[in-house]
Amino acid sequence: MTDTGIGASVRRKEDNRFLTGRGRYTDDINRTGQAYACFLRSPHAHAKIDGIDTGAAKNAPGVIAVLTGDDVAADGLGGIPCGFAPTGVQAPHNAPPRPALVQGKVCFVGDLVAMVIADDLNQAKDAAELIQVDYQELPANVDPAKATDSSTTRIHEAAENNLYADWGLGDKEATDQAFAQAHHVTKIDLINNRQIPNAMEPRCSIGEYDQADESYTLYTTTQNPHVTRLLLAAYVLQIPEHKLRVVSADVGGGFGSKIPHYPEEALVTWTAKKVGRPVKWTAERSESFLSDTHGRDHVTRAELALDENGKFLALRVHTSASLGAYLSTFGAMSTTYLYAPVLSGQYIIPAIYCGVTIVFTNTAPIDAERGAGRPEATYLVERLVENAARETGIDRIEIRRRNFIPEDAFPYQTPVVLAYDSGNYAPILDKALEMADRAGFETRNADAKSRGKLRGIGFCTYIEACGIAPSNVAGAIGAGIGLYESAEVRFAVTGAVTVFTGSHQHGQGHETTFAQIVADRLGVPFDSVDIVHGDTARVQWGHGTYGSRSLAVGGSAIAVACDKAIEKGKKVAAHLLEASVTDIEFKDGNFTVSGTDQSKSFGEIIAAAMVPHNFPLDEMEPGLDQRSFYDPKNFTFPAGCHICEVEIDPDTGVVKIVNWTAVDDFGKIVNPMIVEGQIHGGVAHGIGQALLENCVYDPESGQLLTGSYMDYCMPRADDLPNFNLGFTETPCPHNPLGVKGCGEAGAIAAPPALINAVIDAIGVDIDMPATPEKVWRALQSRPQAAE
Amino acid sequence: MQNFTYHRPGSVEEAVQALSAASDGTLMGGGMTLLPTLKQRLASPSDVVDLGGVAGLSGISEDGGKVVVGAMTTHAEVASNAIVTAKIPALAALAGAIGDPAVRNRGTIGGSIANNDPAADYPAALVGLGATVRTNKREIAADDFFTGLFETALAEGEVITAVAFPVPERAGYAKFPNPASRYAIVGVMASTGPAGTRVAVTGAGACVFRASAMESALGGGFSADALSGASVSADDLNSDIHASAEYRAHLVGVMARRAVAAAG
């Protein structure tokens, strides 16, 4: 390992500009002559619109245009498209349209009613207040479990009973049969609480139109610029893709909420041509709460069947999952194929069936949020496993060991589609138990008791399916796109290497990690490698960053492109060294004739290829640039064990996290420092969900009650413990780097570990988030409280 | 934010003049509540009269056995001032746990009590320590100052100039913060001294109030144990997504015991 190659904790290159205030965020961009947009949003969760009077607003000072759904329809704009329609739907499959501005009704608080464009932002806001909308309120529903009730008002004409689809995965008959033979059945009802992702940077979009070549540019905060370009150009504007450039330079966090293509992006682009000026919109934080896509929001009943030895026989799950008011770009993916296929966890469960009733509610649209489906699945499996242990009297660690997929069973085909490529779970658990000093827990517990505190320990042994995804699988499950990734490696005469990647960085440190891969692969100096991303005019193509896919898929594409350059370089070296190409070996940046000291450095080969004075021009073209479109062979399957220890103040119900141990197997690790940072962030995210964060809509009015940081509780540094991290390494066998991905693991592992610890401390079940009052009430409900 | 006329008077008299000349004017202390409200267009005053330039409104002194805190004194100053930390450490601790560092370095005691947010800390300090509010017109006992939800006894054109705190023999403050906003879900200031034995509760109700049953219980001895049977009724307490009235009533008991236990 070199000090900048794979395995080195190289400091992040990009932090120089981030930490000195020189980031290039979308809101930092200002175009000559730009106008400002603001949006009039629905104050009601559900209402018919009988009329909109924009007369006064249009005449207000500085106003350039006031637009409504009628204008969108008159110009023939397409609706905001969905990029995923799951296969395996029982019936029906209702996909109502989503016009960019509402037409005739609003379906959630924050829905887009009108757009005002003015010379400055305050003028736009003043004018928006002058728009008169005649609303006729309708009953609203925000609860996924009530969406299909006959008494619930229908939201969309195209979705009877507010049902998007009834979807199922697994062998229902075999599962039911296994339950019929079970020695013991553990049942659980739980809610996976709705989250608001809260990226640090609010969304921002600037549309621009160039009359000279009839092309558009959209500067926007997206995790996947090419996908946004495809959806906006082909479906909404209905223009050729090459007439739209999407630029997404530095982005301040996404967590999934910047995957979808949003109506505001379409509207600023459309109006840029209409008003003949660039149009800029930046979300205020209040708008982010209302209109960014939210995550989770499941209501689930699940049962685990066990035999007399505590072996799992079958798992049966039914979930009501909300899509919010509209189908977001990948909304239905998180509730289906990113959810049910990971229900097997680290265990042999011979039969699994999962049914999901996917519904519309009068809430902000749901889409991916860090983990997207996998946290929901892991939370229910790991809650069930610990409950089953308690009910059967088997130790919580022992029941896991009895049911682990053994090391020699890989590759392992689960009953829910996925075939795990690799894994070795017992050593992860062993290491975590040792690092967490499980053996010393009883001593710590006794000490806590003497201080009047309730101490608990909870476990989570998770698997993740990430590095999405083989394109044929993506197609088979209903994605509208492939899920390969592209990379292009370009060489300058003087030796500099520029990598164009379809992955997108919004906090992950790709400019460092990817440069490490190139430096390691080609043996060129780390500082000579630059990474370019986030601009459809510069990067050939890409699917973007989500699902912990950047390293496993995007990084693999870079590695393959490098390997192609090495292969060509061998031919150049053979020519220069007057040897046979089969005798050329490449190692540590040097092409050497096998068994001799004759060699050429990579830099010399670049120079020879770019200035081909002495080059086999009869056999091949000059230059060394290479491109790869890498399609993964399988998902990757990171795994790990997180152990959480809490102390609870019985007087107040406050939960304090006192120890956190995480042992993760991410395969090969490129930059340990960045990986640790991802674990810290992911666990913080999961702790947020389990303890603090809860998106609450008023059940009657549908108003968002947690619409600011006064009421929506983000985790802060003093809410978090120190993290005790460890790693094991089972390399991924099917990608060239042996890597698996780490971005979502913490958010997947943390909630069950934490809630299991709380339940261990208080002795009764509790739902997330475990707020002080909920814990206090749970303590009051205990039989011993009466003593 | 909508347009308004900004004034920065140099004296209380000029401030009162500017306010009375305005069609819909408002005074601004540190602006920690007013500015976000303006930005969200929830308030649109015609005139904002900034007290930041008024001489003599800021600073802390001792006066006849009382600690006098100028109306424009920031929370950070109260938290770190030598007189306050020596004479009334509970007040310094309370001020040091308001909001975050930015708020503590901008927000003022006068602004906070004039706003009378039901979850603010200072109302509990004033009532719990038996303080007196000094204005350009009169002195108002803290017990009479806070009259209801965001309501005070301040009259038209009346400007807070200082708050005078008697020095207690013992005082303690315990706060159960809202995990999101870190305002008080329940905050209790308990003290005994020249102003009598006092237990003032903020956060739990529409306005700060004294827990009389607890004050009586402490009459026999200022100790946490004395409070073991005392409670407040959940009737009329606040109930929201963070805490029900019943839970708040329970927390008043817990925080009162902790405040007394912490009293120096």
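No value in this document is a laboratory result; all are computed from the given coordinates. In this text the structure is predicted, and so the values were computed from the model without any measurement. When we count neighbours, we look across all protein chains shown, and the Cβ atoms used for this are built from the backbone with ideal geometry, even at glycine.
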Checklist entry - Tell me, what is the percent relative contact order of the range A:406-487, built from C-alpha pairs under 8 Å that lie six or more residues apart? => result 14
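Taking 0.36 nm per residue of sequence separation and subtracting the Cα-Cα distance, how much length would be gained by fully extending the chain between B:I83 and B:R41, in nm to one decimal?
Working it through step by step, the gained length comes to 11.1 nm.
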Checklist entry - What share of the DSSP beta bridges in the range A:484-630 is antiparallel, in percent to the nearest 5? => result 80
Checklist entry - Where does chain B land at 222 nm, in deg cm²/dmol rounded to the nearest 500, when only DSSP H runs of n ≥ 4 count, each adding -39500 (n - 2.57), divided by all residues? => result -9000 deg cm²/dmol
Item to check | Under 5 Å, built H, 5+ apart or other chain: amide partners of A:V739 | outcome: A:K668, A:C732
Next on the checklist: For the protein assembly as shown, give me the percentage of DSSP beta bridges that are antiparallel, rounded to the nearest 5 percent.
Outcome noted: 80
Checklist entry - If you put +1 on each Lys and Arg Cβ and -1 on each Asp and Glu Cβ, how big is the dipole of the protein assembly as shown around its Cα centre, in Debye rounded to 20? => result 840
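Any idea what the relative contact order of chain B is, in percent, if you count C-alpha pairs under 8 Å spaced at least 6 apart?
Relative contact order of chain B: 15 percent.
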Item to check | Charge dipole of chain A about the Cα centre (unit charges at C-beta), most positive-ward option of A:T152, A:A436, A:V775 | outcome: A:A436
Next on the checklist: Run the helix sum for chain A: -39,500 (n - 2.57) per DSSP H stretch of 4+ residues, divided by residue count, reported at 222 nm to the nearest 500 deg cm²/dmol.
Outcome noted: -7500 deg cm²/dmol
Next on the checklist: Test of understanding: what is the full-extension gain from A:D119 to A:K187, defined as 0.36 nm times their sequence separation minus their Cα-Cα distance?
Outcome noted: 18.5 nm
Checklist entry - Which of B:G56, A:V581, B:T74 sits closest to the plus end of the dipole of the protein assembly as shown, meaning its Cα is farthest towards the positive end, when Lys and Arg get +1 and Asp and Glu get -1 on the C-beta? => result B:G56
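Please tell me which of these pairs span more than 24 angstrom C-alpha to C-alpha: A:K258/A:K564; A:K13/A:K600; A:K13/A:K668?
Working: A:K258/A:K564 33 Å; A:K13/A:K600 29 Å; A:K13/A:K668 21 Å.
Result: A:K258/A:K564; A:K13/A:K600 exceed 24 Å.
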Next on the checklist: Please report the antiparallel percentage of DSSP beta bridges with both residues in the range A:203-314, rounded to the nearest 5.
Outcome noted: 75
Checklist outcome for this item: Quick numbers on chain A, Rg and Dmax over C-alpha atoms in Å, give 27.4, 93
Checklist entry - Using θ = phi - 60° and the Karplus curve 6.51 cos²θ - 1.76 cosθ + 1.60, what whole-Hz ³J(HN,Hα) does each residue of the range A:149-161 get, with Gly and Pro shown as x? => result 4, 5, 7, 8, 5, 6, 8, 10, 3, 7, 10, 5, 6
Checklist entry - For A:K58 and A:D597, what does the FRET efficiency come to when R0 = 60 Å and r is the distance between their Cβ atoms, rounded to the nearest 0.05? => result 0.15
Next on the checklist: What is the distance in Å between the Cα centroid of the range B:202-255 and that of the range A:720-775?
Outcome noted: 38
Checklist entry - Okay, which of the range A:637-674 sit inside 20 Å, backbone N to the point 7 Å along the Cα-Cβ direction of B:A213? => result A:651-652
Checklist outcome for this item: Residues meeting the amide H criterion for A:N659 (H placed from the backbone, H to H distance under 5 Å, 5 or more places apart or on another chain) are A:E645
Item to check | Calculated FRET value between A:D307 and A:T153, using beta carbons and R₀ = 56 Å, to 0.05 | outcome: 0.75
Checklist entry - Just counting partner chain Cβ atoms within 10 Å, what average do the residues of peptide A:688-699 show around their Cβ? => result 1
Checklist entry - Cα centroid distance between the range A:108-176 and the range A:527-566, in Å? => result 37
Next on the checklist: At a threshold of 8 angstrom on Cα-Cα distance, excluding pairs fewer than six apart, so keeping six or more, what relative contact order does chain A reach in percent?
Outcome noted: 16
Checklist outcome for this item: With x for Gly and Pro, the residue-by-residue ³J(HN,Hα) of the range B:250-256, computed from phi through the Karplus equation 6.51 cos²θ - 1.76 cosθ + 1.60 at θ = phi - 60° and given in whole Hz, is 4, 5, 4, x, 5, 5, 4
Item to check | the range B:5-49 shape via C-alpha gyration tensor axes, a/c threshold 1.5 | outcome: oblate
Checklist outcome for this item: In nanometres, the difference between 0.36 nm per residue of separation and the alpha-carbon distance of A:Q103 and A:K633 is 186.4 nm
Item to check | For the range A:657-694 versus the range A:297-324, the gap between their alpha-carbon centres in whole angstrom | outcome: 26
Item to check | For B:I185, residues with placed amide H under 5 Å, excluding near neighbours | outcome: B:F176, B:N178
Next on the checklist: Run the simple label-point estimate for B:E139 and A:N161 please: 7 Å along Cα→C-beta, distance reported in nm.
Outcome noted: 7.4
Checklist outcome for this item: Membrane-span-like helices (DSSP H runs, Cα span along own axis at least 18 Å, mean Kyte-Doolittle at least 1.0) in chain A -> A:745-762
Next on the checklist: Calculate the FRET efficiency for B:Y6 and B:E169 from the Cβ-Cβ distance with a Förster distance of 56 Å, rounded to the nearest 0.05.
Outcome noted: 0.80
Checklist entry - Across the range A:341-352, in residue order, what do the Karplus-derived ³J(HN,Hα) couplings come to in whole Hz, using 6.51 cos²θ - 1.76 cosθ + 1.60 with θ = phi - 60° and x for Gly and Pro? => result x, 9, 5, 7, x, 8, 10, 7, 10, x, 9, 9
